[in-house]
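What follows is one structure encoded as structure tokens, with my remarks underneath.
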Amino acid sequence: MRLLDFFSNHFSVSDSNQSMMVLSPILEREAIAPNLFGKFEDLLIAVEQHPAMLVYLNNDRSVGPSSQRGKKLRGLNENLAREILELHTLGIGGGYRLQDVRELALAISGWSITNENDVGRVGFKFRNKSHEPGQRNILGTSYAEAGLTQGHAVLRDLARHKKTAQFISYKLAQHLIADEPPKDLVAAMVDTWMKTNGNIKAVITTLVKNSQSWDYEAKKFKTPREFVVSTFRAVNNSQPIDQSLLNIGLRGLGLMGQSPFNAGSPAGYSHLNRAWMGSNALMKRIDWVNLVSRRVRETPQSIVNRIFDSQLSPLTVKLLAGAESRAQGLALFLLSPEFQRR
């Protein structure tokens, strides 16, 4: 779940209009989930060709200026190309220039979606009449005219680039381990990335097997999504998660500022501790916990005994012992440092 969460946020799209409300959730299901443990280049191509990403960043209407359609229409759009370089692969400071953004936009011009006049499978559609003809030069590499596969070739090279390996390995370690992950761990992940041409499973295996990933200290403060999911997992043993509780969960995500597919930016939601630890954010967690704790029947001590294999701090034990009610005890436990961090 955590890896899916990471890449869903890494390739963030927002339900900013009616079309995106339909398309946003299926990007995760159709493009990200099936490619989680394969090559990053396959995941990258699947995402960039998905209607959700094409519509969100306006590439579905991007027309090369010298294409057949470009002679009558003006409409090259660089949004998707810019985010591919800045957010999806190399990262800010990854060595690309404005000219590389434009060249990539030309390489993926014509990457669009089907409409009511098209026959066959609904989804991605390469429109050759909108594709800019000719050779492209990106990051010092020349790509011959090859229609749809010209863009594929660029994306595969970007996925295998060392800057991409560094950017995503660091970001993964930040998400899973600590805001300031160990340099040796990140270096090992980058080394695996380069040796396997971006095999995600191999990179994650390197992270998991590294001793620095098993530090006893919980260094990550749970995001609202992680907090809501872990809360429901904690109480699921005593009662089923029915529709009313699911509605409370969704309400909580909105209240705490992490509604699904609503980051409002291609950069997605922050995975850094400081983004979720402000006083206002903590007050909203308290409000949500008070709402949940009144619905749970199991005693706090029973939940603690079932899900914690480590000793709670003396202060947390004291607070739980002094709770005036089951609901208050559960609220104190869910808001404790031990439960708020991972």
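Just one of (1) in contact with a helix residue (DSSP H, G or I) (Cβ under 9 Å, 6 or more places away or on another chain); (2) loosely packed, with under 14 Cβ neighbours inside 10 Å; (3) modelled with pLDDT under 95 fails for D184. It is (3). The set of residues in segment 30-63 being touching a residue at least 60 places away in the same chain (Cβ under 8 Å) and in contact with a His (Cβ under 7 Å, 6 or more places away or on another chain) consists of L44, I45.
Counting only residues that are more than 18 Å from I45 (Cα to Cα) and assigned to a helix (DSSP H, G or I), segment 168-185 holds 11 of them. Residues in segment 119-134 that are exposed (fewer than 13 other Cβ atoms within 10 Å of the Cβ), farther than 12 Å from G64 by Cα and not β-branched (V, I, T): G120, R121.
Where helices (runs of 4 or more DSSP H) fall wholly inside segment 262-342, the ranges with 2 or more residues that are polar (S, T, N, Q) and outside the structural domain of L176 (by TED's automatic domain parsing) are 279-293, 300-307.
On the basis of being surrounded by 13 or more Cβ atoms within 10 Å (Cβ to Cβ) and touching a strand residue (DSSP E or B) at 6+ places or on another chain (Cβ under 6 Å), does N273 make the cut?
Yes, satisfied.
Answer with yes or no whether L87 is touching a residue at least 24 places away in the same chain (Cβ under 8 Å), within 25 Å of the chain's Cα centre (by Cα) and either on the phi < 0 side of the Ramachandran plot or not assigned by TED's automatic domain parsing to the domain that holds I138 (or both). Criteria met by L87. Taking the criterion of being surrounded by fewer than 21 Cβ atoms within 10 Å (Cβ to Cβ) and in a helix (DSSP H, G or I), the residues of segment 135-166 that qualify are L148, T149, H152, A153, R156, D157, R160, K162, K163, Q166.
Scanning segment 201-244 for residues that are of a type in the set (A, V, I, L, M) and either touching a helix residue (DSSP H, G or I) at 6+ places or on another chain (Cβ under 6 Å) or at positive phi (or both) yields A202, V203, L207, V228, A234, I241. Residues that are under 20 Å from Q150 (Cβ atoms), in a helix (DSSP H, G or I) and of a type in the set (A, V, I, L, M) within segment 13-57 comprise L43, L44, I45, A46, V47, M53, L54, listed in sequence order.
Conditions (1) polar (S, T, N, Q); (2) touching a His at 6+ places or on another chain (Cβ under 6 Å); (3) outside any helix (DSSP H, G or I); (4) crowded, with 20+ Cβ neighbours inside 10 Å, marked per residue:
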residue: M194; (1), (2), (3), (4): no, no, no, no
residue: A202; (1), (2), (3), (4): no, no, no, no
residue: V208; (1), (2), (3), (4): no, no, no, no
residue: Q212; (1), (2), (3), (4): yes, no, no, no
residue: Y216; (1), (2), (3), (4): no, no, yes, no
residue: V229; (1), (2), (3), (4): no, no, no, no
residue: A234; (1), (2), (3), (4): no, no, no, yes
residue: I241; (1), (2), (3), (4): no, no, yes, no
residue: L246; (1), (2), (3), (4): no, no, no, no
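Scanning segment 75-126 for residues that are farther than 27 Å from V190 by Cα, assigned to a helix (DSSP H, G or I) and in contact with an Asp or Glu (Cβ under 8 Å, 6 or more places away or on another chain) turns up R102, A105, L106, A107. Of all residues in segment 9-29 being touching a Leu at 6+ places or on another chain (Cβ under 9 Å), touching a residue at least 40 places away in the same chain (Cβ under 8 Å) and not hydrophobic (A, V, I, L, M, F, W, C), which is surrounded by the most Cβ atoms within 10 Å (Cβ to Cβ)? Taking the candidates together, the pick is S12. Of all residues in segment 114-145, those satisfying the criterion of being of a type in the set (A, V, I, L, M) and closer than 17 Å to A81 by Cβ are I138, L139.
The values are calculated or read from the model by the stated rules, or taken from the named source; none is laboratory data. Bear in mind the structure is a predicted one, so any value in this text is a computation, not a measurement. A quick note on method: Cβ atoms are made from the backbone with ideal geometry, for glycine too, and the neighbour counts reach across all protein chains shown.
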